[in-house]
1. Would you pick out the residues in region B:264-294 that are touching a Lys or Arg at 6+ places or on another chain (Cβ under 9 Å), more than 14 Å from every other protein chain (Cβ to nearest Cβ) and open to solvent by 40 Å² or more (accessible area, probe 1.4 Å)?
2. Only one of (1) open to solvent by 20 Å² or more (accessible area, probe 1.4 Å); (2) within 11 Å of chain A (Cβ to nearest Cβ) fails for B:ALA248. Which number is that?
3. Output the number of the condition that A:GLU38 fails; it satisfies all remaining conditions of (1) at pLDDT 95 or above; (2) within 14 Å of chain B (Cβ to nearest Cβ); (3) outside any helix (DSSP H, G or I).
4. Find all pairs meeting these conditions: Cβ atoms under 6 angstrom apart; at least six residues apart or on different chains; first residue within region A:66-77 and facing another protein chain (nearest Cβ under 9 Å) and in a helix (DSSP H, G or I); second residue crowded, with 17+ Cβ neighbours inside 10 Å and not acidic (Asp, Glu).
5. Whether any residue in region B:274-288 is at pLDDT 95 or above and either charged (D, E, K, R) or at positive phi (or both) is what I want to check.
6. Checking B:GLU36 against (1) acidic (Asp, Glu); (2) modelled with pLDDT of 95 or more; (3) over 21 Å from the mean Cα position of the chain (by Cα), only one condition comes out false. Which one?
7. Could you please find all residues in region B:134-160 being touching a Ser or Thr at 6+ places or on another chain (Cβ under 7 Å) and open to solvent by 20 Å² or more (accessible area, probe 1.4 Å)?
8. Just name the residue that is most open to solvent (accessible area, probe 1.4 Å) out of those in region B:177-204 that are over 17 Å from the mean Cα position of the chain (by Cα) and within 14 Å of another protein chain (Cβ to nearest Cβ).
Amino acid sequence: MSKTYYDPADLRKFGKITEWSEELGTKFFDYYSKVFEEGALSAREKSLIALAVSHVVKCPYCIDAYTKDGLQRGITKEEMMEAVHAGAAIESGATLVHGVQMMNKYDKLSM
Amino acid sequence: MSEAKTKQSLHKRNDQLANANRQLEILSNGIFASGELPRFADKIAEIGHTTLRPNKLEILQINVGYMCNQVCEHCHVDAGPDRKEIMTRETMQQCLEVIKKTGAHTLDLTGGAPEMNPNFRWFVEEASKAGIKDFIVRSNLTIIRANKKYYDLPDFFKKHNVHVVSSMPHWTRGKTDKQRGNGVFDKSIKALQELNERGYGMPGSSLRLDLVYNPSGAFLPGNQASMEKDFKKALLEDFNIQFHHLFAITNLPISRFLDYLIASENYEDYMYALVEAYNPEAVANVMCTNTISVSWDGWLYDCDFNQMLDLKVASKVKHISEYNEELLQDRNIIISQHCYGCTAGAGSSCQGTVA
């Protein structure tokens, strides 16, 4: 069997990170679950944000988890893809906005 | 999954999963090398249950036949147009005698499409005289628009103050038709509008209309209250439809849903998802503790799922013809790995979440 860096079954073991550092792991999971509770933003909106960020940080585990989470919440595939585009737009914008730095540097160095 | 495959029941196709023993074998042993799941019996032992025992009987659920005009991909009954199992009037008569003397406050008629049983209307008329507090008919909605002979069903339901409970997997056409068949969404919308016109589902109306949400795939249902809010908003804005409550139900790994899980290679993950979502607080309220399920041929089961797995009640009384509530109450409920489905998350029953 070929070995890969990512194994989907590892997602189920996520909670085990507390075994090697209970205090920090527990604090993280407490924080994590609190973040995704209903608040000024709905849990549904937060799920879509999480899905978009999952793509931007290119986390396959997160993509699996928040696609499933979206399905469980009745979020449609069109909504999910729009969220991914929003993330992608910010990500590509973040690259492109550095073009201004390039332009500034170019102009400064040029006669 | 090919369309041709989904148009026939597992029974018609002589599929191995049409055999209840084969399903139990898969559920008990798993089919993947790494799929060694904890036993449900051990899980409930952790909270002090050596077995499950029934509480007071509240719901008598009667399956009047497996015949259906739909062939839904997730159907745990394996119902469809090719299923011919239908409750006879003789068995219905035996049910009526029980209905008259049982302490159950709810009568829950299910199928298949219960309306396709030729004796359905007679049975409803007779049963509605028995003083049952809540008389449920689980209607798939499309039956109301399937054929002229069913067009008056909304009026018939209203006349007998039937509580209509109908499946609706999503407020969008695509997801609904994918699970339940092409055209189901539009027909369901039309049927819901007709029920609304009769007063069903309207605020303050005593004509109860509830919807059932089953996830359209290998995932668990979301929060019932939140889903209800989304369903109500979408159906009202898009189609001016109203209803009372949404029951979020977990799909149990039985029959066609089990077939789907295996074929789509989701079985192992789904079973783990159920186990990980196991909620001890749901155990005390699972529906088998207050329900008796009667099959089309009169056999008695702890629940609809045990019926499909042919796990008859562990009692001297096994058939409606020999019904004895006192004897039946003194039994152990039969459990297996599929019971994780009713104890996952907020729990699941035919009336939605339980915890």
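1. B:PRO280
2. Checking B:ALA248 against (1) open to solvent by 20 Å² or more (accessible area, probe 1.4 Å); (2) within 11 Å of chain A (Cβ to nearest Cβ), the one that fails is (1).
3. The single condition A:GLU38 does not satisfy is (1).
4. Matching pairs, first to second residue: A:LYS68/B:PHE219; A:ASP69/A:SER47; A:LEU71/B:PHE219; A:GLN72/B:PHE219; A:GLN72/B:LEU220; A:GLN72/B:GLY222.
5. There is no residue in region B:274-288 that is at pLDDT 95 or above and either charged (D, E, K, R) or at positive phi (or both).
6. (2)
7. Quick first cut of region B:134-160, residues touching a Ser or Thr at 6+ places or on another chain (Cβ under 7 Å) only: B:134-136, B:138-142, B:160.
The answer is B:ASP134, B:ARG138, B:HIS160.
8. Going through the qualifying residues, I end up with B:LYS178.
The values are calculated or read from the model by the stated rules, or taken from the named source; none is laboratory data. As the structure is a prediction and not an experimental result, all values here were calculated from the model. Virtual Cβ from ideal backbone geometry, glycine too; neighbours counted across all protein chains shown. Protein only, heavy atoms only, side chains kept; ligands, DNA and RNA dropped before computing areas. Shrake-Rupley method; radii C 1.70, N 1.55, O 1.52, S 1.80 Å.
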